[in-house]
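What follows is a set of notes on a single structure, which appears directly below.
The values are calculated or read from the model by the stated rules, or taken from the named source; none is laboratory data. None of these values were measured; they are calculated from a predicted model. Using ideal geometry, Cβ is built from the backbone for each residue, glycine included, and neighbour counts are taken over all protein chains shown. Areas reflect the complete protein model, heavy atoms only, side chains present, ligands, DNA and RNA absent. Shrake-Rupley method; radii C 1.70, N 1.55, O 1.52, S 1.80 Å.
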Amino acid sequence: MSIRQHYFALAVVALGLSIAAPVSAHHSFAAEYDSKKPVTLSGTVTKMEWTNPHARFYVDVKDANGAVTNWELELGSPNGLMRLGWTRNSLKAGDSITVEGYLAKDGSKLANARSVVMGDGKKVFAGSSSEEGSK
Amino acid sequence: MRTTFFLAALCAAAVAFAQAPKGSIAGAVTNPNGSQAIGVTVNAKLAGSTATAKATTAAGGKYTLADLAPGSWDISVNVAALRGFEQKNVTVEAGKATALNIHLEEGTQMSTLGEDTLAAMAHAKRHNAPTGPTPRTAEGKPDFSGVWWQPVVTDPGKPEWLPKAIEIARERTENNRKDSPQAHCLPSAIVRARPLHQFVQSKDFLVEMFDDDSPGFHQIYLDGRKHPKEPDYLWYGDSLGHWEGDTLVIDRVNFEEAVWLDQDSHPHSDKLHIIERYRRPDMGHLEQEVTVEDPGVLAKPWTFKRVAELGPAETIREFMCTENNRDLVHMVGK
């Protein structure tokens, strides 16, 4: 078996074994977010913080009565996002978006961002920027 | 004569078994949010045997594991960034289809953008390990310099944790790892496989650099110095390397007490001694064999193996963990 075949075979096996190691794990998200409490928010981006250890952005969400609440959403690390082709300008103040996430366990207006969709349907921060997000 | 009859009976039994009607397992796989999981591999292993099977989910997230021998099968599904699924003892009966629907659950990343399945798949697509011979230094030794992708475990080994270590790991896990050093922008677990890391090697010095962890570098001395008699306790341990042929053997002792040992939250004792053996068999691969000796937490030495691929197009960036670490105030334990 050539070296390349050897490593390909190892990779096929090892992909199943490697799952215990996440892509990046500054902290356990289970410590902060509740997988039983998904939330969907629509509104206008007020700020993007392209900072470590997690990029985060803020959204003004209007309720049925017109009252506005500012939500905080957390992303992965900027280094990880930049490797996927995203930048600090992928999302800007003033953008209208719909974001899905899991609610913070402590009741604060905070969620982790699992999906961010712009008004035109474009997905942001998903997979690789060159693929325009997921299927 | 009796032997011949016995062998003939054995052969007949084997043929009969091979020709016995097969069964199958079929169902659908769903993602944590309930959507269909397409293109996912479902693995099957016959209990007490080396027989395996696999199927890939198609439209509707549906899969069929066909032509399975009757018996108990262990089913598993592993999708990057999600919790691994495992169900043992799924019964397959001759001529019947066993229904098994699989719902994947969130893993530690909880599908956060940039750290989710899509990100893992996108990263995997960037892997393109170059071929070619092992690069060598002016002294003729393998040169480990380069940017390397997260190593993949090829042999996890069989760690035998002592009861105290298991108890501490359980407590930390039940508390959602909220007190992990990494969550406080301190170094992550000693044997954690870094997502992306770079080695820069000179004759006397090997430095590992990374941009997802603090402080961002780890020094390994190759100049023949010895471990100090009065040690300083270090988060990465005192790391000294020497050559055995083309293998770099790195000896690490004197670890800081507060650092965690692995991503399963096990502790270490003051007896921790790690020996790493690095090989670069060709241009594109870095093999690591890691032996963890710690009679304070392990019944016997634990050895695991992993392989990293070269990522020549990648760059290690800057990582200032404490610049905006807002998570601490929100993290809750059990």
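So the values come out like this:
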| quantity | calculated |
| --- | --- |
| Flag if residue A:61 is at pLDDT 90 or above, within 16 Å of residue B:110 (Cβ to Cβ) and not acidic (Asp, Glu) | no |
| Tally of residues being surrounded by 14 or more Cβ atoms within 10 Å (Cβ to Cβ) and out of contact with any Lys or Arg (no Cβ under 6 Å at 6 or more places or on another chain) across region B:321-334 | 6 |
| Top-ranked residue in region B:109-128 [being assigned to a loop (DSSP other than H, G, I, E, B) and buried (at least 21 other Cβ atoms within 10 Å of the Cβ); ranked as nearest to the other protein chains (Cβ to nearest Cβ)] | B:114 |
| Qualifying residue in region B:57-72 (condition: on the phi > 0 side of the Ramachandran plot and exposed (fewer than 14 other Cβ atoms within 10 Å of the Cβ)) | yes |
| Meets criteria (of a type in the set (S, T, N, Q), open to solvent by 60 Å² or more (accessible area, probe 1.4 Å) and modelled with pLDDT of 95 or more) for residue B:219 | yes |
| Checking residue B:164 against (1) outside any loop (DSSP other than H, G, I, E, B); (2) under 21 Å from the mean Cα position of the chain (by Cα); (3) more than 10 Å from chain A (Cβ to nearest Cβ), the condition it does not meet | (2) |
| Filter result (within 14 Å of chain A (Cβ to nearest Cβ) and within 17 Å of residue B:61 (Cα to Cα)) within region B:87-108 | B:103, B:104, B:105 |
| Filter result (under 20 Å from residue B:187 (Cβ atoms), surrounded by 10 or more Cβ atoms within 10 Å (Cβ to Cβ) and among the acidic types (Asp, Glu)) within region B:223-246 | B:238 |
| Flag if residue B:31 is under 30 Å from residue A:101 (Cα atoms) and either out of contact with any Phe, Trp or Tyr (no Cβ under 8 Å at 6 or more places or on another chain) or in contact (Cβ under 8 Å) with a residue 60 or more places away in the chain (or both) | yes |
| Condition broken by residue B:195, with the remaining ones in (1) surrounded by fewer than 20 Cβ atoms within 10 Å (Cβ to Cβ); (2) within 10 Å of chain A (Cβ to nearest Cβ); (3) under 21 Å from the mean Cα position of the chain (by Cα) satisfied | (1) |
| Test result for residue A:85, buried (at least 23 other Cβ atoms within 10 Å of the Cβ) and in contact (Cβ under 8 Å) with a residue 12 or more places away in the chain | no |
| Of all residues making up region B:261-306, the number that are of a type in the set (Ser, Thr, Tyr) and open to solvent by 20 Å² or more (accessible area, probe 1.4 Å) | 3 |
| Qualifying residue in region B:269-276 (condition: of a type in the set (S, T, N, Q) and without any contact (Cβ under 8 Å) to a residue 40 or more places away in the chain) | yes |
| One residue from B:147, B:79, B:153, B:90 being touching an Asp or Glu at 6+ places or on another chain (Cβ under 6 Å), β-branched (Val, Ile, Thr) and either surrounded by 13 or more Cβ atoms within 10 Å (Cβ to Cβ) or outside any strand (DSSP E or B) (or both) | B:147 |
| Count of residues meeting criterion [out of contact with any helix residue (DSSP H, G or I) (no Cβ under 9 Å at 6 or more places or on another chain), closer than 30 Å to residue A:54 by Cβ and among the aliphatic types (A, V, I, L, M)] in region B:166-205 | 5 |
| Residue match in region B:183-193 (condition: assigned to a loop (DSSP other than H, G, I, E, B) and free of Cβ contacts under 8 Å to residues at least 40 places away in the same chain) | no |
| Flag if residue A:73 is more than 7 Å from chain B (Cβ to nearest Cβ), out of contact with any helix residue (DSSP H, G or I) (no Cβ under 6 Å at 6 or more places or on another chain) and hydrophobic (A, V, I, L, M, F, W, C) | yes |
| Of the criteria (1) aliphatic (A, V, I, L, M); (2) part of a strand (DSSP E or B); (3) farther than 23 Å from residue B:211 by Cβ; (4) in contact with a helix residue (DSSP H, G or I) (Cβ under 8 Å, 6 or more places away or on another chain), which one residue B:332 fails | (2) |
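Let's see how each residue does on (1) more than 23 Å from residue B:35 (Cα to Cα); (2) touching a Gly at 6+ places or on another chain (Cβ under 9 Å); (3) among the β-branched types (Val, Ile, Thr); (4) within 8 Å of chain B (Cβ to nearest Cβ):
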site: A:80; (1), (2), (3), (4): yes, yes, no, yes
site: A:87; (1), (2), (3), (4): yes, no, yes, no
site: A:91; (1), (2), (3), (4): yes, no, no, no
site: A:94; (1), (2), (3), (4): yes, no, no, no
site: A:97; (1), (2), (3), (4): no, yes, yes, no
site: A:103; (1), (2), (3), (4): no, no, no, no
site: A:109; (1), (2), (3), (4): yes, no, no, no
site: A:121; (1), (2), (3), (4): no, no, no, no
site: A:127; (1), (2), (3), (4): no, yes, no, yes
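Conditions tested, residue by residue: (1) more than 17 Å from residue B:285 (Cβ to Cβ); (2) touching a helix residue (DSSP H, G or I) at 6+ places or on another chain (Cβ under 8 Å); (3) at pLDDT below 95.
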residue: B:87; (1), (2), (3): yes, no, no
residue: B:92; (1), (2), (3): yes, no, no
residue: B:105; (1), (2), (3): yes, no, yes
residue: B:108; (1), (2), (3): yes, yes, yes
residue: B:111; (1), (2), (3): yes, yes, yes
residue: B:117; (1), (2), (3): yes, no, yes
residue: B:127; (1), (2), (3): no, no, yes
